[in-house]
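One structure below.
The values are calculated or read from the model by the stated rules, or taken from the named source; none is laboratory data. Predicted model only: the values in this text are computed from it and were never measured. All Cβ positions, even for glycine, are placed from backbone atoms using ideal geometry, and neighbour counts span all protein chains on display.
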Amino acid sequence: MTHSASLNIYVVHHCLGRARFRIDRVTQDKDYALHLEQFLSEQPDIKQVRVNRAAASIAIQYRSLNLSHLTALIEKATTEKPISTQPTPPETASKENWSSLALPIFTTVASWLSHHNRLLWLRPIAWTSLITLTLPIVKRASLSLWRDQKLNIDCLDLVALGLSYGQGKLVTPALVLTLHELGDLIRDRTARSTATQTSDLLDAIGHYAWVIREGKPIQISSDRVEVGETVIVYPGEQIPVDGVVLKGSATVDQQKLTGEAMPIVAEVGTIVYASTLVRSGQLYLRADRVGEQTRAAASLELLQKAPVHDTRMANYAAQLADQLILPSFILAAVVLAITRDPGRAASILTLDFVTGIRVSIPTAFLGALNHNTRHGILVRSGRTIEQLAVVDTVVFDKTGTLTQGELTVVGIQTFSEGMQPEAVLRLAAATEQRIAHPVAEAITHYAETQNLTIPPRDEWNYEVGLGIRATIEGKAVLVGSERFLVQEGVDLSGLDTKTFPLQEICHLEDQSKTSAWLSLIYVACDGELAGVIQYADPLRPESPALIRALEASGREIHLLTGDNPERAKMVGEELQIPPAQVHAQAFPEQKAAIVRDLTLAGKTVAFVGDGLNDSVALAYADVSVSFANGSDIAREIADVVLMNNDLATLLEALNIAKETKKLIEQNTFLVVAPNLMALGLASTVGLNPLIATIIHNGSAIAAGLNSLRPLVQHQLEEQKT
């Protein structure tokens, strides 16, 4: 494998007229990947360029160039386009346009000023503005009466405004209309679009496929592959079909589909799936399912059929108004008939209990959304906060969610006398350098973090699924599986891997990262076992504490994983999750089914995941949670995005939601109690409409300010710290 040190470019495959490079920066910077593809496509000697960001891969078909020329072109494209070191953050909602408040505010000011003798000329302007603002209410009330044949809050507002207009009053209706507009605007600000954008099928399974036709490999669109055809998959490419391996062997990374961090070794007879990635080796497949028939396509179809919840926050005001409209009309009519006083009737209709709720509840949700943002949590809607407040079941994907999603070296045990852990790690890293395999990458990365000098590798041979033999500083080194070392004649008799003590490697940061579910890779030097390297996909540091906190709060925890049952059981035991709530070998459709079953059982379910394989379950959950560094589709679907990629902040989001629910209950009392007392006065001894308006609007303002209280308190706490 050829390597350009200046840009970390690897040549993973090369034949006449075609080369495939691996460039890690392609996955980090979408703009750079697009620029690179465009730049190379414009070169006269290049026929075709295809960039696969998920695989950090770029495939180039060319005419009369060589590898050094291609590498030089890539370097030139890079120098012309600065590279962003930060991943592109998920899109956030655009800023709301508050201009719709301009006319109501102007009308209120004009109405108030028009009472002054010198400003009477403003009254016609105020009347015109009031009529303009009232027309939408007239329209909605008419539709409700004639089309739906029922009274609604607009009917109540229209009659109250009409009585005020009949008495020549302008300030009261203008202020009411302004408050209504403010409440509607804030409510819309917390809404989330119901349109769900899903990933294109070709993005999931790869745009192209190599098939053998008329005895020669040709490249076609992946959706044009026919069932039964032989498909060739080269290193670094996504598998474009579901099928059976006919020839070859390869290391296949299935994390995108199953969530399992450990790759599999695909050999003759192995079933492989579209959207998975060939990390090393080459496969010839028989295409059994293609295009929309693949497992990846079935996952996307499930996603598109997922129920789209009403993401607008629940309109408590409308629900309350439906119950109070008719009694309010009857009471106002009775008072008007007895007293012949339109003012008292208008006072009763003004005290509708609803305006304050229409303002305070959206404001509470808006404050909660901002509060979450300050904690590094993106919550997309008020409905999400409502659901978070009542979540009683949390379902976690394992890989990349509860675990770090990357294989990490956690320990070394030495067996050769005089051989230190650093020496074993150094030999293994030298042997595994520039091998496109997660374990090899974990070993070389860890050696780099320990500042070890990695010697050059001389002759070497890599056997897919077994290991690699190489000559390092004149020594014959073997790195691979137990079967590989035994096959090469290394004596491993009497070796009990279950009793390995963990031996510190130089400066192992956190012994808590170790666990019973370690995997092993063996290192031999000159025919003798030198040591065993222990590695795992370790838990996130915050995972155990979060699980304990959620269980202590009475919530039910479930773990979903593509792992085999034995490994899943070990992870569940380490996190102290009951065995019945640990679900192994879960493909996307199984994950969605488990979430559906829990919701059908009456649970309010939050699902936490980060990959394409989690997208269906995310869509079916009551609340979906992902990470800023999760897959694009997971971030798009998620109701909650943990922007700091800190799983512990999930608990903060749940707590903020519960606080918001309590706040809404307080606001309801602040609105209903004074209006109810005022209504009693207006119905019995009488109440001036102006006083009714002050009580009515004053309670709305008080509830609105109460909604902002947690946000203000949080800001004060930040200033103190």
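Worth a mention:
- Once region 464-495 is narrowed to residues that are of a type in the set (V, I, T) and surrounded by 17 or more Cβ atoms within 10 Å (Cβ to Cβ), the residue that is nearest to G281 (Cα to Cα) is V464.
- On the stretch given as region 12-41, residues that are modelled with pLDDT of 75 or more and either over 29 Å from the mean Cα position of the chain (by Cα) or not assigned by TED's automatic domain parsing to the domain that holds K76 (or both) total 8.
- Selection count, region 485-541, where residues are charged (D, E, K, R), at pLDDT 85 or above and not in a loop (DSSP other than H, G, I, E, B): 1
- Within region 117-139, residues that are surrounded by 11 or more Cβ atoms within 10 Å (Cβ to Cβ) sit with their Cβ atoms under 6 Å from residues that are acidic (D, E), at 6+ positions apart or across chains, in these pairs: I137/D154; I137/D157.
- Residues in region 370-380 that are farther than 19 Å from A617 by Cβ and outside any strand (DSSP E or B): 7 in all.
- Considering (1) among the charged types (D, E, K, R); (2) in the same structural domain as T449 (by TED's automatic domain parsing); (3) touching a helix residue (DSSP H, G or I) at 6+ places or on another chain (Cβ under 9 Å), the lone condition that E417 does not fulfil carries the number (3).
- Take the conditions (1) modelled with pLDDT of 85 or more; (2) under 28 Å from L407 (Cβ atoms); (3) of a type in the set (V, I, T); I205 misses just one of them, which is (1).
- Each residue in region 591-642 was checked for being in a loop (DSSP other than H, G, I, E, B) and within 16 Å of I557 (Cα to Cα), and 7 of them qualify.
- A430 part of a helix (DSSP H, G or I) and touching a Pro at 6+ places or on another chain (Cβ under 6 Å): yes
Matching residues to (1) at pLDDT 80 or above; (2) touching a helix residue (DSSP H, G or I) at 6+ places or on another chain (Cβ under 7 Å); (3) surrounded by fewer than 16 Cβ atoms within 10 Å (Cβ to Cβ):
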residue: E226; (1), (2), (3): yes, no, yes
residue: P240; (1), (2), (3): yes, yes, no
residue: Q255; (1), (2), (3): no, yes, no
residue: A261; (1), (2), (3): no, yes, no
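- Restricting the first member to region 589-608 and to residues that are without any contact (Cβ under 8 Å) to a residue 24 or more places away in the chain and buried (at least 21 other Cβ atoms within 10 Å of the Cβ), and the second to residues that are of a type in the set (A, V, I, L, M, F, W, C) and not in a loop (DSSP other than H, G, I, E, B), no beta-carbon pair is closer than 8 Å while six or more apart or on different chains.
- Condition met for D184 (modelled with pLDDT of 70 or more and not aromatic (F, W, Y)): no
- Filtering V410, V390, V394 for residues that are touching a Ser or Thr at 6+ places or on another chain (Cβ under 6 Å) and crowded, with 21+ Cβ neighbours inside 10 Å leaves a single hit, V410.
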